[in-house]
Amino acid sequence: MSVFSKSGKPDPVSPPSPAPTMAAPEPMAARPRGPEGNSVISTEVKIVGNLTSTGDLRIDGTVEGDITSRVLTIGEGAKIDGSVTAETVRISGTVSGHIRAGTVAIARTARVTGDITYRTLSVEEGGAVEGQLRRGEGDKVATLRPVQGTPAAGA
Amino acid sequence: MIGSSQASQPRTNPQGSDGRAVASSVIGADLVVVGNVEGPGTIVVAGAVSGDVRGRHVTVGPGGRIEGSLEASSVRVDGTVEGPITAEAVVVGGAGRVVGIITHNAITIEPGAQVDGRRPWRPAGFLASKRP
């Protein structure tokens, strides 16, 4: 660095930090993404309405409405009142509504009331399903756009 | 798990009805919610919500969008909010855009932000006394 140089490395101008009395939420970049996917609806959050995701979605809260996702994980404490459409869905919570997916995994703690249309189905011992189970041939969820133009996984 | 690392833990941990700390929710960039979202904790909106959002700390990320009302203890907008905002503390970042009335106790509008609407001030604690 030249001795005569006035401007060495300029001090980065730090953006004015928010100084409200309450703890302000930090900018988005600092927040890590959940390992299960791009979106997480945590416990105690209630959504009244429909969710449509082209990526991964994990729900631990309550949803009154329909859910469409590529990969969907319904946690043990979750309550869904509406239909579920996904390429892959893993259910550990309570679902009241029809399920239409490629791969369906019903876990031990799952309580499903509604018909399930599937390509691949597994039910863990203890999982409860009240409804019709229908195997759909090539029942890929065609409504979902493949991520980044790559063909969606699966047949 | 979201919210569990030191760096991202808010100073005041939101508490659920059972007193335990509540995890953050993330409405990712690939998620669209048509309806209302309500929770006692932190909500990060990187996707789109067409409806009302109510939380404790709500951040609307750079690509995020809320069309509807937004109510929280603290709000940070780096994306777009079209609708009224009611919060004790509001920060609108340089890339943020708000069209609607912002009812607040403390507001910071950073250079570059587009804010269109009245910004009525309220005394500290106004939100707590408003809520049941």
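General remarks:
- For the pair A:ARG134 and B:TRP121, label points projected 7 Å from Cα toward Cβ lie 6.2 nm apart.
- Per the Debye calculation on the stretch A:33-136 with a single equal scatterer at every Cα and no solvent contribution, log₁₀ I(q)/I(0) for q = 0.18, 0.20 Å⁻¹ amounts to -0.73, -0.92.
- Averaging Cα coordinates gives a centre for the stretch A:43-100 and one for the stretch B:80-132; these two points are 31 Å apart.
- For A:THR120, residues with placed amide H under 5 Å, excluding near neighbours: A:THR103, A:VAL104
- Cubic angstrom per residue, convex hull over Cα atoms of the stretch B:44-132: 69 Å³
- Peptide A:116-124 has a mean of 0 when you count, residue by residue, the C-beta atoms of other protein chains within 10 Å of its C-beta.
Each value in this text was obtained by applying a stated rule to the coordinates, not by laboratory testing. Here the structure is a predicted model, which means the values were calculated and not measured. Note: ideal-geometry Cβ built from the backbone for every residue, glycine included; neighbour counts use all protein chains shown.
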